[in-house]
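**Student:** Here's a structure for you.
The values are calculated or read from the model by the stated rules, or taken from the named source; none is laboratory data. None of these values were measured; they are calculated from a predicted model. Cβ placement follows ideal geometry from the backbone for every residue including glycine, while neighbour counts extend to all protein chains displayed.
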Ligand SMILES: Nc1nc2c(c(=O)[nH]1)N[C@H]1C(S)=C(S)[C@@H](COP(=O)(O)O)O[C@H]1N2
Ligand SMILES: [Mo]
């Protein structure tokens, strides 16, 4: 390995990577002017998402949670840099072929951008401009590298090092005199300047690329905020307000997640890298399929309806035991039941396939959309319009069902159909078609592996079993008996409840706390460990901590 690593000429490799950075960085910057779908790195990442096998998605979400997108983009970016480096390395031997390879590789994201749903020819501009500038960087750099005396090898060739110049002069009298050769080829004179210029070029290219990426990212945020603000979206007042959250819903244990989760802290799980930008003035919801009367609802019509408020805890099926892919918000929206009543579902229909225009779909039992849990077509979250990542301008919220079978963001279509006729996005990838939320509980404090003072240890966390409510939470220290925890006020069957427990006189050393919940129907949270496929992970949350 050693000799191989030493024999690699790293400058061309760096050059190839820098040219790649320039391609994606510059393209990302230009994409801000043209549209988020035109950024090649995001387009590549986006194209990979639906193709990623479940066996990879599952651990990535379990480990990285809602940083999964960052992991994906970073992986794709790293892959591109490595490929660029290989092309640069290849360029030190065959510069022209390397330029051709770079062009071919650069055309891959171009094709991906162009074949994305709703792509326009215009969306090609960022990738093509980035590719052109990247090619210039690679071409110029390789030329400079080629002219540098180091060309052909990182170290002086054995011939140069071993054979004295005099011998060359003797055998080839027509060769330039040694002095001239020294002037034009001496490594001690030319290599440093050339190298320095080369390094300067590579460095500049890398900096430009990095700035491009950074600027691009901040611009994405700006564009999005501007988009939402420009829409001038004013949330109407609720016709039916939710009961205010009583202070007793919170037990005042520092470290337990607040009862209502801030929109900015709310977990985010979806299959898009950049949330779709939807103009509420052109948004509409179409209800069709097995209905007597097709219905189309515009945003103006929706906002004019008597909207109701509801506190509901949302949960992701990918939430690992003890994980944080769960949150509670006060949603504002209109009951889907009323809209379905207008559409009049036909007998035999048993599913509503909700769709967003980014290709996601969710299968919800028709029953769950019609019963008194008041499934909402939501426009507001904690008194604010939905942010783009949480579904602006409208999404579904259905208590008691995991998000993947109910909570479609950017929703534009409700197709009334049957479970034996249609399959939703995640069902096609191995998850269940129907997925009611299982009773679950979590320990927020002490934190895992925390060091706490001797004496009374206070533990706390949350438990949820939407639509059934939480009846009881039980905890135990080490392998002791289960004891009942104190519960926060019961806000509704559709929201989580905080719990708190005290363990007096815990001795020094390492201990464990385990929690389990019992729902309103008497179902005890199972201890059986199961992974998130096909219907959420199970098992008791247990944390270890040390008493000092
Ligand atoms: N359009 C769309 N809606 C979606 C998803 C998606 O990928 N695309 N993911 C679903 C899943 S799996 C969950 S858990 C919830 C998460 O909603 P949040 O991101 O607002 O927390 O949204 C649901 N709605
Ligand atoms: Mo989810």
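**Student:** Going through the stretch 321-337 one residue at a time, which ones are surrounded by fewer than 19 Cβ atoms within 10 Å (Cβ to Cβ) and either free of Cβ contacts under 8 Å to residues at least 24 places away in the same chain or within 28 Å of residue 445 (Cα to Cα) (or both)?
**Tutor:** Once the filter is applied, which keeps residues that are surrounded by fewer than 19 Cβ atoms within 10 Å (Cβ to Cβ) and either free of Cβ contacts under 8 Å to residues at least 24 places away in the same chain or within 28 Å of residue 445 (Cα to Cα) (or both), the stretch 321-337 yields only 324.
**Student:** Which of the residues that make up the stretch 274-287 are in contact (Cβ under 8 Å) with a residue 40 or more places away in the chain and either within 22 Å of residue 116 (Cα to Cα) or touching a strand residue (DSSP E or B) at 6+ places or on another chain (Cβ under 6 Å) (or both)?
**Tutor:** 274, 275, 276, 277, 278, 279, 283, 284, 285, 286, 287
**Student:** Also, I was wondering about something else. State which residue is nearest to residue 266 (Cα to Cα) when the search covers only the stretch 378-405 and only residues that are assigned to a loop (DSSP other than H, G, I, E, B) and within 16 Å of ligand 2 (Cβ to nearest atom). Steps first, answer last, please.
**Tutor:** Step one: filter the stretch 378-405 for residues assigned to a loop (DSSP other than H, G, I, E, B), giving 382-383, 386-387, 391-394, 398-400, 402.
Filter once more, so that each one left must be within 16 Å of ligand 2 (Cβ to nearest atom): 391, 398-400, 402.
Values: 391: 12, 398: 17, 399: 16, 400: 18, 402: 15 Å.
Filtering the stretch 378-405 for residues that are assigned to a loop (DSSP other than H, G, I, E, B) and within 16 Å of ligand 2 (Cβ to nearest atom), the one nearest to residue 266 (Cα to Cα) comes out as 391.
**Student:** Quick one: how many residues across the stretch 285-309 are crowded, with 16+ Cβ neighbours inside 10 Å and away from ligand 1 (no atom under 15 Å from the Cβ)?
**Tutor:** Total meeting the criteria: 13.
**Student:** Of everything in the stretch 406-425, what is within 12 Å of ligand 2 (Cβ to nearest atom) and free of Cβ contacts under 8 Å to residues at least 60 places away in the same chain? Give them in sequence order.
**Tutor:** 406, 408
**Student:** Still on this structure, please answer the following. Working only within the stretch 343-360, note down all residues that are assigned to a strand (DSSP E or B) and under 30 Å from residue 232 (Cβ atoms).
**Tutor:** Selection gives 354, 355, 356.
**Student:** Now, a different point. Of the residues that make up the stretch 505-525, is at least one within 16 Å of ligand 1 (Cβ to nearest atom) and either within 14 Å of residue 256 (Cβ to Cβ) or touching a strand residue (DSSP E or B) at 6+ places or on another chain (Cβ under 7 Å) (or both)?
**Tutor:** Within the stretch 505-525, not a single residue is within 16 Å of ligand 1 (Cβ to nearest atom) and either within 14 Å of residue 256 (Cβ to Cβ) or touching a strand residue (DSSP E or B) at 6+ places or on another chain (Cβ under 7 Å) (or both).
**Student:** How about the stretch 437-548: which strands (runs of 3 or more DSSP E) wholly inside it have at least 2 residues that are over 30 Å from residue 60 (Cβ atoms)?
**Tutor:** 450-452, 455-464, 470-477, 497-506, 509-519, 541-547
**Student:** Moving to a separate point now. Which one of these does residue 259 not meet: (1) surrounded by 12 or more Cβ atoms within 10 Å (Cβ to Cβ); (2) more than 16 Å from ligand 2 (Cβ to nearest atom); (3) at pLDDT below 95?
**Tutor:** Only one criterion is unmet by residue 259, namely (3).
**Student:** Starting from residues that are within 16 Å of ligand 1 (Cβ to nearest atom) and crowded, with 18+ Cβ neighbours inside 10 Å, keep the ones in the stretch 341-357 and report whichever is farthest from residue 422 (Cα to Cα).
**Tutor:** Restricting to residues being within 16 Å of ligand 1 (Cβ to nearest atom) and crowded, with 18+ Cβ neighbours inside 10 Å, the top hit is 356.
Rundown of residues vs (1) over 22 Å from residue 240 (Cβ atoms); (2) near ligand 1 (Cβ under 10 Å from one of its atoms); (3) assigned by the TED database to the domain that holds residue 317; (4) in contact with a helix residue (DSSP H, G or I) (Cβ under 7 Å, 6 or more places away or on another chain), yes/no style:
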position: 360; (1), (2), (3), (4): yes, yes, yes, no
position: 365; (1), (2), (3), (4): yes, no, yes, no
position: 392; (1), (2), (3), (4): yes, no, yes, yes
position: 405; (1), (2), (3), (4): yes, yes, yes, no
position: 411; (1), (2), (3), (4): no, yes, yes, no
